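Student: Following this message is one structure expressed as structure tokens.
The values are calculated or read from the model by the stated rules, or taken from the named source; none is laboratory data. As the structure is a computational prediction, the values presented were derived from the model and not from experiment. Every residue, glycine among them, receives a Cβ derived from its backbone with ideal geometry; neighbour counts consider all protein chains shown. These area figures cover heavy atoms from the full protein model, side chains too; ligands, DNA and RNA do not enter into them. Shrake-Rupley method; radii C 1.70, N 1.55, O 1.52, S 1.80 Å.
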Amino acid sequence: MALFLPRWATDCLKRRDPALAASARPFALYEKQKSALRLVAVDEQAARLGLAPQHSLADARALLPNLEAREIDRAFLEHTFADFADWHSYASPIVSVLTDAAAFGDLLLDITGVSHLFGGEEKMLATVTGRLAALGFTVTGAIAPSVGAAWALAHFDQNRVLWGDVGTALGNLPVGALRLTEEQISGLLQMGLKRIGQLYGRDRKGLQARFGASLLQRLDQALGFLQERLTPRIPVAERYAERRFADPIGLIDDVLMTTRDLAIRLGAQLEAEGLGAQSFHLFLYRVDRKVMSLSVNAARATRDAGHITRLFQNRAERFTGEYDAGFGIDMIRLAATSVADLDPAQIGVFETRDGAADLDRLYDRMTSRLGALAIVRGRFVNTHIPERAAQLEPVVARTPDDPQAQPDPDLPRPLRLLPSPEPIRVTAEVPDGPPANMIWRRINYRFVKASGPERIGIEWWLPQYGLTVPRPQIPDEPISNRAKEKTVLDLGTEMEAPRRFLPSRDYYVAEDESGRRFWLFREGLYGQPENPGWFMHGFFA
């Protein structure tokens, strides 16, 4: 289904500004084009009085002195149209904004397997266009087997459901119905090719040579010979449950009650397929063409309706202050994503209760109430670099533990590690003697004991710690074949330049006169072009 809103820009602003909608003056939008102010959108009243896009603003004001003209805000209109497109997911889960002709104004809905919910294609088209007309939008629509055919019919043969042959239906439409560029349309008209049917049977190689491959691509897409995929605005959820209301609802308690009913239905659907889900999304479709969404995540795959409902209830406590049902909610949809296999639960004498499931449910409830980053856990990372050996991650999005990342218990490691190593001044015997004293944060520490060094090298095999190789210089000017051979030899020699790695670290455990033990290291080696530096990294108990 293709929906075309030719006056979206003016209709949208009129709906947003009641005073503008109540005014009897014609309305138009303009923008600066090549040092001139020109109209880019006009409402129906201005069009009846002779105005059209590309008219200069001065001529328009001379023709209609009472014209209400405003400068267009394309970013606002595009953003609003994107939200407007999301609202149409009440009719189909796959809704796309088609930007071939303009950044806003064209919608495509994949209604495969959906039209029977509305009583057929004709009734569905009448319902969708009727709702938009009731909201004050000028709209035309069409249903066809292909995206190109539906777009062409919505623009040039409105409110039609195509059942027969696509080629016959498009034959009498102008070539502009193929979503071509202005240059292509002008060239076809100069050749006398005004209708799409005149392109049938013509030499395809000749058309491609003169107008490019895009002409044949658009023709094949319209006729259904070449498939054209839609890019959905909202990620498609294959498993969902929804409820439509004869009378809109508005209270948050009614929304949560409906959510529980939908969770039961969705859980039964997942159980029948032997699946569970970790992400659940609640979509609230308002009467005034807006969609509110609410998402929660679970630590492990689940289909427990009670648990899903509690997650949304906890999340709704943060959402209550922003909740606005507008003129009412006429449809609610609960979708499940991140699905995984989930075996049937067995509650009996042989069940093992280790508390892991209870902890996961607790994490889910706390996360839904406090946020995903409020509950985190530490995870070991398979690296030798101390400050990168552990990281935090949300418990609801945790990754499997790496057995090779477990630290070696025989290596001395401090109880407290600084967030990043801090530079210090150290007195030590060159080249590898232990530190005798240090100055850290303007305080002098004299060491009585020290052990080490423990050398930790940079992980050169990882891309982020890779080697530095001089880049060959390719001459810009043309060179002879003999020079080319010499250049190749020179480049090969340059690529074999010595590899330079980042400096390694030598760690020491040093104890001062008061019994405090520090973990510090020397980065680099003596005798290198750059002198080594000393850093404080942690403290022992």
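Student: Once label points are set 7 Å from the Cα along Cα→Cβ at both R70 and T168, what is their separation, rounded to one decimal in nm?
Tutor: 4.8 nm
Student: How high is the FRET efficiency from E44 to E78, r the C-beta distance, R0 25 Å, rounded to 0.05?
Tutor: 0.70
Student: Just how much of S293 is accessible, in Å², when a 1.4 Å probe is used and the result is rounded to the nearest 10?
Tutor: 70 Å²
Student: Which Rg and Dmax, in Å, describe the Cα atoms of region 9-64?
Tutor: In order Rg, Dmax, the Cα atoms of region 9-64 give 11.3, 34 Å.
Student: If you stretched the chain out fully between E122 and F380, how much longer would it get, using 0.36 nm times the residue separation minus the C-alpha to C-alpha distance?
Tutor: The E122-F380 span can extend by a further 86.9 nm.
Student: Name the residue farthest towards the positive end of the dipole of the chain from the options S295, P344, M1, assuming +1 on Cβ of Lys and Arg, -1 on Cβ of Asp and Glu, about the Cα centre.
Tutor: The Cα lying farthest towards the positive end belongs to M1.
Student: In Å, what Kirkwood hydrodynamic radius results for region 135-189 from the alpha-carbon pair distances?
Tutor: 12.0 Å
Student: Now for a different question. Determine, from the Cβ-Cβ distance of L256 and S338 and an R0 of 25 Å, the FRET efficiency 1/(1 + (r/R0)^6), rounded to the nearest 0.05.
Tutor: 0.65
Student: Return the calculated 222 nm mean residue ellipticity for the chain, to the nearest 500 deg cm²/dmol, obtained by summing -39500 (n - 2.57) across DSSP H runs with n ≥ 4 and dividing by the residue count. Working shown, then result.
Tutor: Working: 15 runs with 163 residues, N = 541.
For the chain, the value works out to -9000 deg cm²/dmol.
Student: Using unit Cβ charges (K, R positive; D, E negative) and no other charged atoms, how large, in debye to the nearest 20, is the dipole of the chain about its Cα centre?
Tutor: I would put it at about 1020 debye.
Student: Taking region 218-375 on its own, what percent of its Cα-Cα pair distances exceed 20 Å?
Tutor: So the pairs more than 20 Å apart make up 57 percent of the total in region 218-375.
Student: Right, another one. Taking the alpha-carbon set of region 141-238, what are its Rg and Dmax in Å?
Tutor: 14.1, 49
Student: Now for a different question. Heavy atoms only, probe 1.4 Å: what % of the accessible area of the chain goes to carbon and sulfur, would you let me know?
Tutor: Details: 15750 of 30730 Å².
Reported share for carbon and sulfur atoms: 51 percent.
Student: Can you tell me the relative contact order of the chain? Whole percent, Cα pairs under 8 Å, sequence separation 6 or more.
Tutor: The value is 9 percent.
Student: Here is a further query. Per residue, what accessible area does the chain have, given a 1.4 Å probe and all protein chains present, in Å²?
Tutor: Ligands and nucleic acids excluded, the figure is 57 Å² per residue.
Student: Further question on the same structure: Using a Förster distance of 30 Å, how high is the FRET efficiency between S293 and E393, based on the Cβ-Cβ distance and rounded to 0.05? Display every interim value, and only then the final one.
Tutor: Numbers: r = 25 Å, r/R0 = 0.82.
Efficiency for this residue pair is about 0.75.
Student: Further question: Pairwise over distinct Cα atoms, reciprocal of the mean inverse distance: report the Kirkwood radius of region 1-108 in Å, one decimal place.
Tutor: 14.8 Å
Student: Something else: How big is D for region 29-165, in µm² s⁻¹ as a whole number, if Stokes-Einstein is applied with the Kirkwood radius of its Cα pairs at 20 °C and 1.002 mPa s?
Tutor: 127 µm²/s
Student: To continue, here is another question. Using only Cα atoms, what Kirkwood radius does region 215-261 have, in angstroms?
Tutor: The answer is 15.0 Å.
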